[in-house]
Amino acid sequence: MIIQPKVRGFICTNAHPQGCAANVREQIDYIKAQPKIEGGPKNVLVVGASTGYGLASRIAAAFGSDANTLGVFFEKPPTDKRTASAGYYNAAAFEEEAHKAGLYAKSINGDAFSDEVKAQAIDMIKQDMGKVDLVVYSLASPRRKDPKTGELHSSVLKPIGKSYTARNLNTDKLEIGDITLDPANEEEIAATVKVMGGEDWELWLDALGKAGVLTDDCKTVAYTYIGEQLTWPIYGHATIGKAKEDLDRAAKAISASGQADAHVAVLKALVTQSSSAIPVMPLYISLVYKVMKEEGTHEGCIEQLYRLYTEGLYTDSPRLDSDNRYRIDDKELRPETQAKIEKLWPEVTEENLFDLTDYKGYQADFLKLFGFGVDGIDYDADISPIVEADFK
């Protein structure tokens, strides 16, 4: 079939296998061009390993530290008539490149929230790796089925206490206008914490610890975004903010349990399948891209993750804040950077969108998530969507 992007709202419903594979190789090439990660991990479990920061975590560990990696994700496989999800193609390409390099790399395609997948991962670690010395938790899902009760919880993106009105970019119509979000009720807040908070991270570490598959010096990290003044109403005093508070709670609890040294890592705003769905963020990220590219400080997922390993996880002087979180969003939050973004924010209109922001870069990165717009790929070619992968 000829595979062209099918975009609906904030999601692309198909993906290009060759484009996704090229994206993975590009990130691998970046890591291989950097100095090796001194004292880096050797056996790594990545929960949420197929896209964005989770995929970059796996690539950086494997090709920056020669680590064996086990990835867990939930992705749609291809059929003769439909492409796979981008994450499926990403993971298949990663495994192929890792095996070429002589690295152990296996993956589980299933519900990471379930007890069954946790047990499957433990069995594979025991059989193939013995113990893991790093657990990366990078799940991003709108829903979670509680493994104990069977109840399905859905997250919401809402403020708390009062309505919130802000400028927003409708990426379908390229229209800029105010968007108003009504406040969440207590049930919605609790459900969002259930899905996006730290409970499942704790369950993973508890299961791994009880199974005896964590090294004595094991580290674990979960990812978050905080932002500054412009994004605070949606990321701070909001349902996501409560979930982020719960991540901090979980990090303290995991560390206190003695199972692993746990930290939350705060990363920069980037186009991901998650961030594109959050109100305000497309406009904000377009401005971040504009300002940081002009300053020469812009980074993608793979650059962020290399810095997390070298300036956070594996250094004697990690970049920590007062809440014991790794801060790799330091360049985005520089006062001079934020001042430029805040100045431009009210000036952006539909007429000057492409001049005052880097929406073109935002759009290109969005399509690239799904393997489109990648140099060297013939998107008019008739190709098969089928890519074989030995996922468990």
Which value, in Å² and to the nearest 10, is the accessible area of L152 when all protein chains are kept and the probe is 1.4 Å? 110 Å²
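So what is the 222 nm mean residue ellipticity for the chain from helices alone, if each DSSP H run of at least 4 adds -39500 (n - 2.57) and you divide by all residues, rounding to the nearest 500 deg cm²/dmol?
-11500 deg cm²/dmol
Can you sort K368, K76, K32 by 1.4 Å-probe accessible area, starting with the largest?
Sorted descending by solvent-accessible area, the residues read K32, K76, K368.
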At a Förster radius of 25 Å, what calculated FRET efficiency corresponds to the Cβ-Cβ distance of D216 and D115, to the nearest 0.05? 0.50
Tally up the carbon and sulfur contribution to the accessible surface of the chain as a whole percent, 1.4 Å probe, everything protein left in place. 49 percent
Select one label from [x] 73, 52, 38; [y] 59, 51, 44; [z] 63, 56, 43: the one whose number is Cα extents along the principal axes in Å as derived from the coordinates shown. [y]
Under a 1.4 Å probe, what is the accessible area of the stretch 50-110 per residue, stated in Å²? 32 Å²
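Local charge sum around G373 (other residues, Cβ-Cβ under 15 Å, Lys/Arg +1, Asp/Glu -1)?
With Lys, Arg at +1 and Asp, Glu at -1, the net is -3.
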Just the number please: accessible area per residue for the stretch 286-348, 1.4 Å probe, all protein chains included, in Å². 43 Å²
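Once you keep just the Cα pairs under 8 angstrom separated by 6 or more residues, what percentage relative contact order results for the chain?
Relative CO of the chain lands at 22 percent.
Using a Cα distance threshold of under 22 Å, what count of lysine pairs results for the stretch 103-173 when pairs must be 8 or more residues apart or interchain?
Value for the stretch 103-173: 8.
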Could you sort 349-362, 128-141, 278-291 so that the peptide with the highest average Cβ count within 10 Å comes first and the rest follow in order? 278-291, 128-141, 349-362
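Take every Cα pair under 8 Å in the stretch 149-267 that's 6+ residues apart, average their separations, divide by the length, and report that relative contact order as a whole percent.
It rounds to 31 percent for the stretch 149-267.
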So how many Lys-Lys pairs in the stretch 252-392 land under 25 Å Cα to Cα, not counting same-chain pairs under 8 apart? 25
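The values are calculated or read from the model by the stated rules, or taken from the named source; none is laboratory data. Predicted model only: the values in this text are computed from it and were never measured. A quick note on method: Cβ atoms are made from the backbone with ideal geometry, for glycine too, and the neighbour counts reach across all protein chains shown. Accessible surface areas use protein heavy atoms only, side chains included; no ligands, DNA or RNA. Shrake-Rupley method; radii C 1.70, N 1.55, O 1.52, S 1.80 Å.
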